[in-house]
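Everything on this sheet refers to the single structure shown next.
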Number of protein chains: 2
Amino acid sequence: MQAQAYALKSTAIRAPAIRNGVEDRDDVTLIGVAKTYHRECEIFGEGDAADFVYKVISGAVRSFRLLSDGRRQITHFYLPGDVFGVEFGKERRAGAEALSDAVVVVSRRSAVAADFDQSMRLWRQAVRELQRSEDHALTLGRRSATERIVSFLLDLADRLDADDEFELPMTRQDIADYLGLTIETVSRTMTQLQADRLIQLQGCRRVRFPRRGALEELCE
Amino acid sequence: MQAQAYALKSTAIRAPAIRNGVEDRDDVTLIGVAKTYHRECEIFGEGDAADFVYKVISGAVRSFRLLSDGRRQITHFYLPGDVFGVEFGKERRAGAEALSDAVVVVSRRSAVAADFDQSMRLWRQAVRELQRSEDHALTLGRRSATERIVSFLLDLADRLDADDEFELPMTRQDIADYLGLTIETVSRTMTQLQADRLIQLQGCRRVRFPRRGALEELCE
DNA sequence: CGGTCATTTGAACTGTATCAAAGTCGGTGG
DNA sequence: CCACCGACTTTGATACAGTTCAAATGACCG
C-alpha cells in the first residue's frame, strides 16, 4: 500500500513537559529511550501487548482501528507533547503509526507504575484522551462535512498552540479517515472554505485563519 | 419539546452487583438512596456539578450532548447494572435522562471516594464506558446505516444478557440520535432487516434474532 | 372508543461517495 | 540544472445512501 519504513536511532532521554496549554500543569515527564519512527512506520499494532507508553517529542502520530474490509477510522492524532499508548487493559485496542518522521520517548509501563504521582498524571491524560472520543462521536454523528473540517482545523490549531497559522501534520487521507469522510470531500470542502475566504492555504499543508471568529461561528 | 416529568420516591438502599457479564467481578455495589425517575425526566444536565454517581436498578437512562441548534448526539445508554455519572472533572460533560421510568441508586461522590477499593472499581467502569465511545466513533465514522443498526442491536442484546429475544428500552428517535441517523432511516432499516428475515419484530419494541450468525456476519 | 404519540411508508431531494482524469509538488538521477 | 517520476491533491461528472417533508398507520391509555 505505502512505502514501508522502520525505526531508527535510540538514545536515552528525559522528555520534559512541552505543551503550554491552558491547564497542563498536569504534564507528564517520561523517562525512557528516544526513538525515531519514520513516516508510515508502525509503532504498535492492534492486539499487541501494551507494555510501553510513549510521548511525542516531534513529528506526529496517528492511532486507528480497522474494519475487516479495510475501512479505517483514525481515533486520535498525537502532537508534540502528547502522551499515547496508555492502555487500561493488557492489549492494544488500536494501532499507532508515525505520520511523519517522529521522535518519541518510549517508557516501560512497569517503570512508570512505580511512581505513583507520575502514573496518576498519566491516567488523567489517558482519560482526557478518551473524553476526546466522546466529542469525536458527536462530530461524527451529527455534524456536516464543513462543520467537521472547521472544528478539526480549529482544534488542531489550538493543540499546536498556533494562533492563526500552522502546518497540517497529516495527509488529506488521514483527515478523511479521522472525520469519517472521503479524501475528495475533504479536498473540496477545504477548497470551498478558501473560496469563501474563511481559510488560506499555501501549498496543501500550510493553513491560515484570516478570520477566526467567522470560522468559530460555523461550528460553535 | 416533550412532556415534563419529575423524580419520585426515595428510599435508602444497597444496590448489589447485578450484571453477570463475562468479566464483571468488577461490579460496583453502590450504597445510597434509590430514586425513581419518570420517563423523559432529567437526572442531571450538562454543566451541572458532578457530585453524585448513579447505578441503574431497573429501566434505562441515556446521556447526550447537544449542539446549539438542537441536534442531539446520545453518547451512552445505561441499562440495569450500569453505573453512570462518574466524572473525572467537576462538571457534567453530558446530560442524563430516564428513557422509561427508571429506578436508580444515587450515591454521594465523596462517600464513594472514601472507599479506595470501591472507587477503583468505579474508575474502571468509567474507563470502560469511555472506551465504548471509541468503538462508537468507529461505527459513526465508517459504518453504513444497516451495519450501525445491526451492531447496535447485537450489542444491546449482549448487554441485556438476552439470548435471542429482548425488549428495546428506547424509542426510534433515541436509536437514531445514538447512531447518527434519522428516525425514518432507523425505521426503514429495521423494516428491511425484518423483510430479509434477519430480525423479527413484535410491536416496535420486542426484537428477536432468528439467525444470530447471519446478523453477526453483517457487521463482523 | 377516541385521542395522542410513536412508527411506518411514500416521494422527492441533497450531501457525500464513487469513479475517473488532470494537476501539483518534491525528490532523484541523468 | 532540469526533466521525469511517483505520490498526493484537486477537479469533474455521475450515482446513491440517507435526509427531508408529508401523510398514513398503528399502539397505547384513559
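The values are calculated or read from the model by the stated rules, or taken from the named source; none is laboratory data. None of these values were measured; they are calculated from a predicted model. Using ideal geometry, Cβ is built from the backbone for each residue, glycine included, and neighbour counts are taken over all protein chains shown.
Has segment A:100-110 got any residue that is under 24 Å from A:Leu218 (Cα atoms) and at pLDDT 95 or above? Before the answer, list the steps.
Keep residues of segment A:100-110 that are under 24 Å from A:Leu218 (Cα atoms), which gives none.
The answer is no, given that none of the residues of segment A:100-110 is under 24 Å from A:Leu218 (Cα atoms) and at pLDDT 95 or above.
Which of the residues spanning segment A:164-220 are over 22 Å from the mean Cα position of the chain (by Cα), within 11 Å of DNA strand D (Cβ to nearest atom) and of a type in the set (D, E, K, R)?
A:Arg188
Look through A:Asp164, A:Asp174, A:Asp117 and report the one residue that is under 24 Å from B:Gln131 (Cα atoms) and surrounded by fewer than 19 Cβ atoms within 10 Å (Cβ to Cβ). Working first, answer last.
Numbers: A:Asp164 fails: under 24 Å from B:Gln131 (Cα atoms); A:Asp174 fails: surrounded by fewer than 19 Cβ atoms within 10 Å (Cβ to Cβ).
A:Asp117 is the lone residue from the list that is under 24 Å from B:Gln131 (Cα atoms) and surrounded by fewer than 19 Cβ atoms within 10 Å (Cβ to Cβ).
What about A:Arg142, is it away from chain B (no Cβ under 14 Å), in contact with an Asp or Glu (Cβ under 9 Å, 6 or more places away or on another chain), charged (D, E, K, R) and within 15 Å of DNA strand D (Cβ to nearest atom)?
Numbers: away from chain B (no Cβ under 14 Å): no; in contact with an Asp or Glu (Cβ under 9 Å, 6 or more places away or on another chain): yes; charged (D, E, K, R): yes; within 15 Å of DNA strand D (Cβ to nearest atom): yes.
Answer is no for this residue.
Check whether at least one residue in segment A:137-155 is β-branched (Val, Ile, Thr), modelled with pLDDT under 95 and either in the same structural domain as A:Asp26 (by TED's automatic domain parsing) or within 21 Å of the chain's Cα centre (by Cα) (or both), and report yes or no.
Narrowing segment A:137-155 to residues β-branched (Val, Ile, Thr): A:139, A:146, A:149-150.
From what's left, modelled with pLDDT under 95: none.
Among the residues of segment A:137-155, not one is β-branched (Val, Ile, Thr), modelled with pLDDT under 95 and either in the same structural domain as A:Asp26 (by TED's automatic domain parsing) or within 21 Å of the chain's Cα centre (by Cα) (or both), which makes the answer no.
Does A:Leu156 count as within 14 Å of chain B (Cβ to nearest Cβ) and farther than 19 Å from A:Ala50 by Cβ? Show your work before the answer.
Values: within 14 Å of chain B (Cβ to nearest Cβ): no; farther than 19 Å from A:Ala50 by Cβ: yes.
The answer is no for A:Leu156.
Can you confirm whether A:Val112 is assigned by TED's automatic domain parsing to the domain that holds A:Tyr54, outside any helix (DSSP H, G or I) and in contact with a strand residue (DSSP E or B) (Cβ under 7 Å, 6 or more places away or on another chain)? Working first, answer last.
Numbers: assigned by TED's automatic domain parsing to the domain that holds A:Tyr54: yes; outside any helix (DSSP H, G or I): no; in contact with a strand residue (DSSP E or B) (Cβ under 7 Å, 6 or more places away or on another chain): yes.
It is false that A:Val112 is assigned by TED's automatic domain parsing to the domain that holds A:Tyr54, outside any helix (DSSP H, G or I) and in contact with a strand residue (DSSP E or B) (Cβ under 7 Å, 6 or more places away or on another chain).
Mind checking which residues of segment B:172-188 are polar (S, T, N, Q), more than 18 Å from B:Arg65 (Cα to Cα) and either without any contact (Cβ under 8 Å) to a residue 24 or more places away in the chain or touching a Cys at 6+ places or on another chain (Cβ under 7 Å) (or both)?
Listed by number, the list holds a single entry, B:Ser187.
Mind listing whichever residues of segment B:70-98 are within 29 Å of A:Thr139 (Cβ to Cβ), in contact with a Ser or Thr (Cβ under 8 Å, 6 or more places away or on another chain) and not in a strand (DSSP E or B)?
Of everything in segment B:70-98, just one residue is within 29 Å of A:Thr139 (Cβ to Cβ), in contact with a Ser or Thr (Cβ under 8 Å, 6 or more places away or on another chain) and not in a strand (DSSP E or B), namely B:Ala94.
Filter segment A:61-80 for residues that are surrounded by fewer than 22 Cβ atoms within 10 Å (Cβ to Cβ) and small (Gly, Ala, Ser); which is farthest from B:Val127 (Cα to Cα)?
We begin by selecting, within segment A:61-80, every residue surrounded by fewer than 22 Cβ atoms within 10 Å (Cβ to Cβ); these are A:64-72, A:76, A:79-80.
From the residues that got through so far, the ones that are small (Gly, Ala, Ser) too are A:68, A:70.
On the way: A:Ser68: 26, A:Gly70: 27 Å.
Ranking the qualifying residues of segment A:61-80, first place goes to A:Gly70.
Restricting to segment B:55-86, name every residue that is among the polar types (S, T, N, Q) and touching a Leu at 6+ places or on another chain (Cβ under 6 Å).
Pass one, segment B:55-86, residues among the polar types (S, T, N, Q): B:58, B:63, B:68, B:73, B:75.
Result: B:Gln73, single match.
So which residues in segment B:71-103 are within 12 Å of chain A (Cβ to nearest Cβ), touching a residue at least 60 places away in the same chain (Cβ under 8 Å) and over 13 Å from A:Gln131 (Cβ atoms), if there are any at all?
B:Arg72, B:Gln73, B:Ile74
With respect to B:Gln125, determine if the residue is of a type outside the set (Phe, Trp, Tyr), in contact (Cβ under 8 Å) with a residue 60 or more places away in the chain and within 12 Å of chain A (Cβ to nearest Cβ).
Working: of a type outside the set (Phe, Trp, Tyr): yes; in contact (Cβ under 8 Å) with a residue 60 or more places away in the chain: yes; within 12 Å of chain A (Cβ to nearest Cβ): yes.
It is true that B:Gln125 is of a type outside the set (Phe, Trp, Tyr), in contact (Cβ under 8 Å) with a residue 60 or more places away in the chain and within 12 Å of chain A (Cβ to nearest Cβ).
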